[in-house]
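The values are calculated or read from the model by the stated rules, or taken from the named source; none is laboratory data. Just so we're clear, the structure is a prediction, and the values are computed from it rather than from any experiment. Positions of Cβ are generated from backbone atoms using ideal geometry, with glycine treated the same way; all protein chains shown enter the neighbour counts.
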Amino acid sequence: MKKSNKILVLIASLSILATIFLPFWKIDLWAPQYPEGLGLKIYTNRLGGDVDVINGLNHYIGMRTLHTNDFWEFKILNAIIIGFSILGVLAALIRKKIPFLFFYSMFILFAILALYDFWRWEYDYGHNLDSSAPIQVPGMAYQPPLIGYKQLLNFGAYSFPDSGGLIFIGAAVIFTWVFISEFILKKKAIKNEK
Amino acid sequence: MIVLGLVAGMMITGCKPKGVGSAVDADAAKKAYVAPGKYDEFYNFVSGGFSGQLTVYGLPSGRLFRIIPVFSQDPTTGWGYSEETKPMLNTSHGYVPWDDYHHPELSQTNGEVDGRWVFGNANNTPRVARISLKSFRTEEILELPNSGGNHSSPFATENTEYIVAGTRFSVPMDDQNGDVAINSYKDNFRGSLSFISVGKEDGKLAIAFQIRTPGVNFDLARAGKAKSHGWFFFSCYNTEQANTLLEVNASQKDKDFILAVNWKKAEEYVKAGKGKKLPAKYAHNTYNEKTHSAVSVMENEVLVLDTRELKDLCYFIPCPKSPHGCDVNPTGEYIVGSGKLAAVLPVFSFDKIQAAIASKAFDGSFDGIPIIKYEAALYGEVKKPGLGPLHTEFDANGNAYTSFFVSSEIVKWNVKDLKILDRVPTYYSIGHLCVPGGNTRKPFGKYVIAYNKITKDRYLPTGPELTQSAQLYDISGDKMQLILDFPTTGEPHYAQACPADLITKNSLKIYKLEENKHPYAAHGEKEAKVERQGNKVHIYMTSIRSHFVPDNIEGVRMGDEVYFHVTNLEQDWDVPHGFAVKGANNAELLIMPGETQTLKWVPDKVGVQPFYCTDFCSALHQEMQGYLRVSPAGSNVPLTWHTGTVSK
């Protein structure tokens, strides 16, 4: 592995440790009577932000209230992040391509699984509504967007990575660049030499 | 000929003197307008006068934000009606539902407005109140013994070491025999100046000492500042010591006095044990934000320094004529006396007063207190300023603004050279005025607001009873410009203003539920319950959008006293809940997020009585209701409660 790539992997692997402390994802809500906005912050090990206020509003539409303890993911995510950080540092230090390939594929697989898992929870909460809820809009579901904007009754919901998530994505971009550099560009260079 | 005569007659009777026009600034709309969604520059705290409350306006818009209940019951918020707030209006005469809030005074630090508290005086049953500018709630009310009419009150020293209150009506003292002939005034009636200490961190009030004075009427006062810090100046009238027809009998003398009090000297006397502890009964009421309840304690003694016994404590300075305002300029050097019936404005010099005391330049004495020679204390007089001067405040540029009740105007003049710079009419008959920070070492200037006594044709008429009018003038230029005319509630006697950002950043949004230590609080729906203690039924009720728990209660009987202790479980901004039950001889409850308040209800008939949330809290506010079943006395219907079971 090129020396510059090794350093990149090292830096990126260490940086993802920050996601343990920073909010990973956020769902910001805006409504005419909430000019100050409401925010749900999703950390790697808990929910934060205005969870209580949002839970108070959810009962009108029959959405289940959100509690950290309901999500098994919060118990293991920190360990997974630390695990990946160690793996990445090792891959950088060993400096061989195969360990890095193993690390990279596990990392991307994890990211895809995490996104799917998040989508699944959003689907569950948005569709499995209490049938005795006061506000019933036929055919309406309250699944927040995976990423982006969606209007849910009087609320506009914005779902985007927070600072932790952005660091994670940044690390993923760096790892991808290293993958391209080591496995694709190098191959091309070798081909051209032949 | 007849036609000519008629026309001439009409022209003569239709002529008004010129120059009485309404000169509104061309830019007035722009200067006074605060666009929707934008904030005012200043909070304006305006006394409600005979309403007993404190009103909060914004400047320059003149918009009314809030009426804070202080000395009068307020059925809207349940102030003085709920079990928790009733003790705040307790006095040595029992529960008093009304008083007259005359003057607001903002707390100061280093001679500058600091935005922590605003104080107020009750004029009828003498008391001083402290209002928090975090919660905009009245936190403490302290009654004043040995006092009649608390007009010269409350006034702060420049670091809020003391809030000072002086009496308007001299009376026999509480520790003396009060059953005396009224015309024995000169022998038996005395005045009291109360020096109330203010806790540095928590603002807690206590009467540090009272100065027992000759029997005169004290009108207004101001603390010395900067070089004159340590002294206090009180205007006094009725030095004729009349007890009847004061309108005539108290206006006889050419000069009354300003009483200069050396309170640092008073502190020395207190330390040296020269004060006398005299019996007195007065109420001290405090509201606790954590238990959301008030406690009323009866004090039973007060420390008194008597001017007949202690020398070098105070001095009289002659002042024409029945003085009202007594105002100290920002440097603390000049003291302006406004004599209601005077033709000049005397300005006294603190340095000259000190020199006169040192050299004993006295002109006899009054009740044992030396009278300083008028010329020895005088810096100069503002000549022909207007008719009926009442009150003066200052800007940051060495100018003074004095209100004139009789000639209905504000006059701007320079303190150093005593020259008149400008005059503007007020509509009509101004009482006091307010320059933001105009009584402190660091006036903010920008505006002067006139608070008037006569409104007549200024606004759409509303029958015989009219609002009081106020005018806002821009004083940023050389000449004062009228930019807004706005009505006020109650009868403002005085007002103070504070820059908005000193207060906005500390303004409380909710009360934290986990900090709620109310003895009957329910911190969640699981804690809601109903308990019977003899004939008292305590309902621990919760409220949250949009239901009460419990909302069905049975087993109450005739002869019971029912206490609805309602906790607002919300922790979101601007979600109060209200509470009322049919037929209650009581007001509503208005409960803020995280708070608990109690409504006492004595059922007066058998049946099912509805209760409901009175504050529009949510989309399903109309569904936020409940029922309470009242059975006959001696009935054995069990005490049950729930929310959520469907009917049979």
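Some notes on this structure:
- Enumeration of residues in region B:558-575 that are at pLDDT below 95 and more than 14 Å from chain A (Cβ to nearest Cβ): none
- Filter result (loosely packed, with under 15 Cβ neighbours inside 10 Å, away from chain B (no Cβ under 14 Å) and in contact with an Asp or Glu (Cβ under 9 Å, 6 or more places away or on another chain)) within region A:122-153: A:LEU146
- Which numbered condition B:CYS617 fails, given (1) surrounded by fewer than 18 Cβ atoms within 10 Å (Cβ to Cβ); (2) within 14 Å of another protein chain (Cβ to nearest Cβ); (3) among the hydrophobic types (A, V, I, L, M, F, W, C); (4) more than 30 Å from the chain's Cα centre (by Cα): (1)
- For region A:97-109, the set of residues classified as under 14 Å from A:ILE16 (Cα atoms) and surrounded by fewer than 16 Cβ atoms within 10 Å (Cβ to Cβ) consists of A:ILE108 only.
- Residue in region B:576-614 that is farthest from the other protein chains (Cβ to nearest Cβ), counting only those that are under 24 Å from A:ALA133 (Cβ atoms) and in contact with a Ser or Thr (Cβ under 8 Å, 6 or more places away or on another chain): B:CYS613
- Residue match in region B:70-87 (condition: under 21 Å from B:TYR473 (Cβ atoms) and in contact with a Leu (Cβ under 8 Å, 6 or more places away or on another chain)): no
- A Cβ distance below 6 Å, combined with a sequence gap of six or more or placement on separate chains, defines the contacts here; from region B:414-428, residues that are closer than 12 Å to B:ASP478 by Cα and without any contact (Cβ under 8 Å) to a residue 24 or more places away in the chain reach residues that are polar (S, T, N, Q) and surrounded by 15 or more Cβ atoms within 10 Å (Cβ to Cβ) in the pairs B:ASN414/B:ASN399.
- Test set (1) free of Cβ contacts under 8 Å to residues at least 12 places away in the same chain; (2) under 27 Å from the mean Cα position of the chain (by Cα) - B:ALA358 fails condition number: (2)
- Test: residue in region B:595-603 that is over 17 Å from B:HIS538 (Cβ atoms) and surrounded by 14 or more Cβ atoms within 10 Å (Cβ to Cβ): yes
- Selection over region B:68-80 of residues that are within 12 Å of the chain's Cα centre (by Cα) and β-branched (Val, Ile, Thr) gives a count of 2.
- Some residue of region B:503-524 being touching a residue at least 40 places away in the same chain (Cβ under 8 Å), within 14 Å of another protein chain (Cβ to nearest Cβ), more than 32 Å from the chain's Cα centre (by Cα) and buried (at least 18 other Cβ atoms within 10 Å of the Cβ): no
- The single condition among (1) over 22 Å from A:ASP28 (Cβ atoms); (2) of a type in the set (A, V, I, L, M); (3) within 14 Å of chain B (Cβ to nearest Cβ) that A:LEU57 does not satisfy is (1).
- A count restricted to region B:59-102 and to residues that are in contact with a strand residue (DSSP E or B) (Cβ under 6 Å, 6 or more places away or on another chain), surrounded by fewer than 19 Cβ atoms within 10 Å (Cβ to Cβ) and of a type outside the set (A, V, I, L, M, F, W, C) stands at 2.
- For region A:154-173, filtering for residues that are more than 21 Å from A:PHE107 (Cβ to Cβ) and either within 14 Å of chain B (Cβ to nearest Cβ) or among the β-branched types (Val, Ile, Thr) (or both) leaves 2.
- Any hit, region B:628-642, residues being within 14 Å of chain A (Cβ to nearest Cβ), surrounded by fewer than 22 Cβ atoms within 10 Å (Cβ to Cβ) and not charged (D, E, K, R): no
- Checking A:ARG64, A:ARG46 one by one, the residue that is among the basic types (Lys, Arg) and either within 14 Å of chain B (Cβ to nearest Cβ) or over 20 Å from the mean Cα position of the chain (by Cα) (or both) is A:ARG64 and no other.
- Elements of type strands (runs of 3 or more DSSP E) in region B:326-382, at least 1 residues being closer than 24 Å to B:ARG212 by Cα and among the hydrophobic types (A, V, I, L, M, F, W, C): B:334-339, B:362-366, B:369-372
Let's see how each residue does on (1) modelled with pLDDT under 95; (2) closer than 19 Å to A:GLY170 by Cβ; (3) surrounded by 12 or more Cβ atoms within 10 Å (Cβ to Cβ); (4) not aromatic (Phe, Trp, Tyr):
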| position | (1), (2), (3), (4) |
| --- | --- |
| A:TRP72 | yes, no, no, no |
| A:GLY88 | yes, yes, yes, yes |
| A:ARG95 | yes, no, yes, yes |
| A:TRP119 | yes, no, yes, no |
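- Residues satisfying the stated conditions in region B:604-614, i.e. under 28 Å from A:PRO35 (Cβ atoms) and surrounded by 20 or more Cβ atoms within 10 Å (Cβ to Cβ): B:CYS613
- From the list A:LEU47, A:LEU29, the one residue that fits, being surrounded by 17 or more Cβ atoms within 10 Å (Cβ to Cβ), free of Cβ contacts under 8 Å to residues at least 60 places away in the same chain and not hydroxyl-bearing (Ser, Thr, Tyr), is A:LEU47.
- For region B:413-428, the criterion of being closer than 19 Å to B:ALA497 by Cα and in contact with a strand residue (DSSP E or B) (Cβ under 9 Å, 6 or more places away or on another chain) is satisfied by no residue at all.
- Qualifying residues in region B:525-547 (those that are out of contact with any helix residue (DSSP H, G or I) (no Cβ under 8 Å at 6 or more places or on another chain) and within 14 Å of chain A (Cβ to nearest Cβ)) - the one nearest to B:TRP601 (Cα to Cα): B:SER543
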